[in-house]
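Heads up, the thing below is written out as structure tokens.
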Amino acid sequence: DAGVIQSPRHEVTEMGQEVTLRCKPISGHNSLFWYRQTMMRGLELLIYFNNNVPIDDSGMPEDRFSAKMPNASFSTLKIQPSEPRDSAVYFCASSLGLAGAGYEQFFGPGTRLTVL
Amino acid sequence: SQKIEQNSEALNIQEGKTATLTCNYTNYSPAYLQWYRQDPGRGPVFLLLIRENEKEKRKERLKVTFDTTLKQSLFHITASQPADSATYLCALDIGNDKIIFGKGTRLHILP
């Protein structure tokens with residue numbers, strides 16, 4: 001298996017533009033997580049899905065952020081409009097089950113987002 | 001407030017010695033705790049999980065302890081090697097099928 005795939009790996013955009021990050025989880029995994037990592041705040045959970053259904057989006061910073069999982073093999077995280085404070089590395093992770101059961105999470109390589 | 005703290009931002013250890021990293025938490029009663037390794041420019045990679053009823057877990061040169069009374073986990077790397085240099089993150093089960101991550105400790109193994 002190729003592991004969790006994220007695209008793009010790097011994104012530079014201007015303030016106000018729409019940004020879409022993409023993720024393909026590991027086949028057979030039924031939980032998917034979106035995280036954001038910064039030096040100041042570390043790794044923060046934004047939202048997670050189980051069987052393609054959003055379970056908890058309490059970590060999504062504001063209405064400018066939205067995430068979808070239309071099928072088991074694809075998810076998007078969208079920021080519209082983007083702001084400089086959204087600059088961070090965004091990770092997608094997948095696992096065989098929910099975190100409550102202790103399943104390990106497999107992380108993608110991340111998307112480094114820079115908003116000018 | 002709920003917190004998870006890792007002992008230091010960076011730790012320098014001489015090759016061959018044992019590196020010990022600390023993860024402390026408050027206001028949680030986790031069912032388990034996980035440790036991940038993160039290399040620069042990459043996503044975290046799972047290393048070990050320890051459950052609340054386990055005092056110690058080992059995997060090759062790695063050892064994790066979990067003291068629910070002290071609310072602390074210790075992560076040990078014995079016979080450390082330069083290749084062990086990375087950032088190590090602890091992750092805590094906080095219920096509701098969520099885990100939270102500490103900010104990590106950057107470990108440098110000096111040759």
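So the values come out like this:
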{"item": "Test: residue in segment B:49-57 that is open to solvent by 10 Å² or more (accessible area, probe 1.4 Å), facing chain A (nearest Cβ under 10 Å) and assigned to a strand (DSSP E or B)", "result": "yes"}
{"item": "Selection within segment B:73-111 - open to solvent by 50 Å² or more (accessible area, probe 1.4 Å) and part of a strand (DSSP E or B)", "result": "B:I94, B:R106, B:H108, B:L110"}
{"item": "Set B:P111, B:P82, B:P44, B:P30: member being touching a residue at least 60 places away in the same chain (Cβ under 8 Å), of a type outside the set (S, T, Y) and within 14 Å of another protein chain (Cβ to nearest Cβ)", "result": "B:P30"}
{"item": "Residue in segment A:18-28 that is within 26 Å of B:G104 (Cα to Cα), modelled with pLDDT of 95 or more, part of a loop (DSSP other than H, G, I, E, B) and out of contact with any Cys (no Cβ under 6 Å at 6 or more places or on another chain) present", "result": "yes"}
{"item": "Residue, most open to solvent (accessible area, probe 1.4 Å), within segment B:22-48, restricted to residues that are in a loop (DSSP other than H, G, I, E, B), within 29 Å of A:G3 (Cα to Cα) and not hydrophobic (A, V, I, L, M, F, W, C)", "result": "B:R42"}
{"item": "Single match in A:I5, A:I26 (criterion: surrounded by fewer than 21 Cβ atoms within 10 Å (Cβ to Cβ), closer than 17 Å to B:F46 by Cβ and within 15 Å of the chain's Cα centre (by Cα))", "result": "A:I26"}
{"item": "Residue check for A:M69: over 30 Å from B:A10 (Cα atoms), in a strand (DSSP E or B), open to solvent by 10 Å² or more (accessible area, probe 1.4 Å) and in contact (Cβ under 8 Å) with a residue 24 or more places away in the chain", "result": "yes"}
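Here's the yes/no breakdown for (1) more than 11 Å from chain B (Cβ to nearest Cβ); (2) buried (at least 21 other Cβ atoms within 10 Å of the Cβ); (3) in a loop (DSSP other than H, G, I, E, B):
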| position | (1), (2), (3) |
| --- | --- |
| A:S75 | yes, yes, no |
| A:Y90 | no, yes, no |
| A:A93 | no, yes, no |
| A:G100 | no, no, no |
| A:Y103 | no, no, yes |
| A:R112 | no, no, no |
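The values are calculated or read from the model by the stated rules, or taken from the named source; none is laboratory data. What you see is a predicted model, and the numbers here were worked out from it, not measured in a lab. Neighbour counts run over all protein chains shown; Cβ positions are idealised from the backbone, glycine included. With ligands, DNA and RNA removed, areas are computed over all heavy atoms of the protein, side chains included. Shrake-Rupley method; radii C 1.70, N 1.55, O 1.52, S 1.80 Å.
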